[in-house]
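In what follows, a single structure is set out as structure tokens and then discussed.
The values are calculated or read from the model by the stated rules, or taken from the named source; none is laboratory data. Please read all numbers here as calculations on a predicted model, not as lab measurements. Please note: Cβ atoms are built from the backbone with ideal geometry, for glycine as well, and neighbour counts cover all protein chains shown.
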Amino acid sequence: MPTTRQPPEREPLSLEAAKLHLRVDHDAEDDLIEGLVSAAREHAEAITKRSLASSEWTLHLDRPAAVIELPRPPALEVLRVEYDAPDGAVQELPPEAYQVNLVRTPARLRLLELPTVADREGAVRVVYKAGYTDATLPKSVAQAMKLLIGHWFEHREDVITGTIATEIQKASDALLAPHRVNLYG
């Protein structure tokens, strides 16, 4: 079940919050810090299997299933369900043809009628929004992102010579671990 993503509307952790954590009160390194915020989000998303920044996702399926789990929670809304008909035309299922349970993690979409689709990869697509806002991002996830941002801001290279090596990532991983989604079990 591959998914594709549109770029996030905005990061779940603001530039201002990152600069406050870093104790940076100038604008000279804003581009660097914004890049670190994005990198920290991407790292946290890879560990948790969640969508931390609100964005549009498309789940690609080869054929319809009665129940479809939407990866990368939290799902906010299903925008449309579309499919390639056998004649090649793209069809959209009307909203009354499916039910969505957004309370569940991961969210589930139940097709009330299974359409006849073309025999090709990705013939069914579920387009949905998922992610957090500044207000709903779990504090432990925001803190893990700040730890990563701080570490990367201070240590801009892969290797630091003349010091004893320590791994800050263990703390951030511990903060992210409770939020990891297990999709299939």
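Restricting attention to the range 119-137, which residues are on the phi < 0 side of the Ramachandran plot, assigned to a loop (DSSP other than H, G, I, E, B) and crowded, with 18+ Cβ neighbours inside 10 Å? Answer for the range 119-137, where residues must be on the phi < 0 side of the Ramachandran plot, assigned to a loop (DSSP other than H, G, I, E, B) and crowded, with 18+ Cβ neighbours inside 10 Å: Ala123, Leu137. Looking only at the range 53-70, count every residue that is in a strand (DSSP E or B) and under 30 Å from Asp134 (Cα atoms) and tell me the total. Qualifying residue count for the region: 9. When Pro7 is tested against the conditions (1) under 21 Å from Leu176 (Cβ atoms); (2) within 13 Å of the chain's Cα centre (by Cα); (3) not aliphatic (A, V, I, L, M), the lone failure is (1). Between Ala107, Ala118, the distinction of being at pLDDT 95 or above and among the small types (Gly, Ala, Ser) belongs to Ala107 only. None of Ser55, Ser51 is among the polar types (S, T, N, Q), farther than 20 Å from His151 by Cβ and buried (at least 20 other Cβ atoms within 10 Å of the Cβ) except Ser51.
For the condition among the hydrophobic types (A, V, I, L, M, F, W, C), in contact with a Phe, Trp or Tyr (Cβ under 9 Å, 6 or more places away or on another chain) and in contact (Cβ under 8 Å) with a residue 40 or more places away in the chain, what is the one hit in Val127, Val181?
Being among the hydrophobic types (A, V, I, L, M, F, W, C), in contact with a Phe, Trp or Tyr (Cβ under 9 Å, 6 or more places away or on another chain) and in contact (Cβ under 8 Å) with a residue 40 or more places away in the chain holds for just one of Val127, Val181, which is Val127.
Set side by side, the residues Ala44, Ala40 differ, and just one is at pLDDT 95 or above and within 24 Å of Arg104 (Cβ to Cβ), which is Ala44. Which residue is modelled with the highest pLDDT, if the candidates are limited to the range 143-173 and must be surrounded by 12 or more Cβ atoms within 10 Å (Cβ to Cβ) and farther than 13 Å from Leu36 by Cα? Out of the qualifying residues, it is Gln143. Checked across the range 71-90, the condition of being out of contact with any Ser or Thr (no Cβ under 7 Å at 6 or more places or on another chain), assigned to a helix (DSSP H, G or I), free of Cβ contacts under 8 Å to residues at least 12 places away in the same chain and not acidic (Asp, Glu) holds for no residue. Cβ separations smaller than 7 Å between residues 6+ apart or across chains give no pair from the range 102-121 residues that are β-branched (Val, Ile, Thr) to residues that are part of a strand (DSSP E or B) and surrounded by fewer than 17 Cβ atoms within 10 Å (Cβ to Cβ). The condition (being assigned by TED's automatic domain parsing to the domain that holds Ala174 and either in contact with a Lys or Arg (Cβ under 9 Å, 6 or more places away or on another chain) or farther than 30 Å from Ala123 by Cβ (or both)) is satisfied by just one residue among Glu82, Glu45, Glu69, Glu77: Glu45.
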